[in-house]
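Novice: Sharing a structure below in structure tokens format, with a few things to ask.
Read the figures in this text as sums done on the coordinates, not as results from a lab. Please read these numbers as outputs of a predicted model, since none were measured by experiment. Virtual Cβ from ideal backbone geometry, glycine too; neighbours counted across all protein chains shown.
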Amino acid sequence: GLAYLLQEWYIKRNRKMRASHPRDLLDQILDISSYLAVPPTMSRDMIDRAAKAYFVDI
């Protein structure tokens, strides 16, 4: 899961890593998993859901 996250959401998008990202992305995964009533995992689907919710263009 980590390699996928780094490749797809940082390297491909030329995004800089911030110290708060790991905590915030894991919080997103926990919240999404709770809402969907599924176990939290670092699957590609869950990573994509969390990252799409977290990395928004303003």
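Novice: Can you give me the number of residues within the stretch 47-58 that are free of Cβ contacts under 8 Å to residues at least 24 places away in the same chain and surrounded by 12 or more Cβ atoms within 10 Å (Cβ to Cβ)? Spell out how you get there, then give the answer.
Specialist: We begin by selecting, within the stretch 47-58, every residue free of Cβ contacts under 8 Å to residues at least 24 places away in the same chain; these are 49, 52, 56-58.
From what is left, the residues that are surrounded by 12 or more Cβ atoms within 10 Å (Cβ to Cβ) are 49.
The qualifying residues number 1.
Novice: I'm checking my understanding of the structure. Among residues of the stretch 1-41 that are part of a helix (DSSP H, G or I), farther than 21 Å from Asp57 by Cβ and among the polar types (S, T, N, Q), which one is nearest to the chain's Cα centre (by Cα)?
Specialist: Ser33
Novice: In the stretch 15-58, what residues are among the charged types (D, E, K, R), closer than 12 Å to Leu5 by Cβ and touching a Phe, Trp or Tyr at 6+ places or on another chain (Cβ under 7 Å)?
Specialist: Arg15, Arg44
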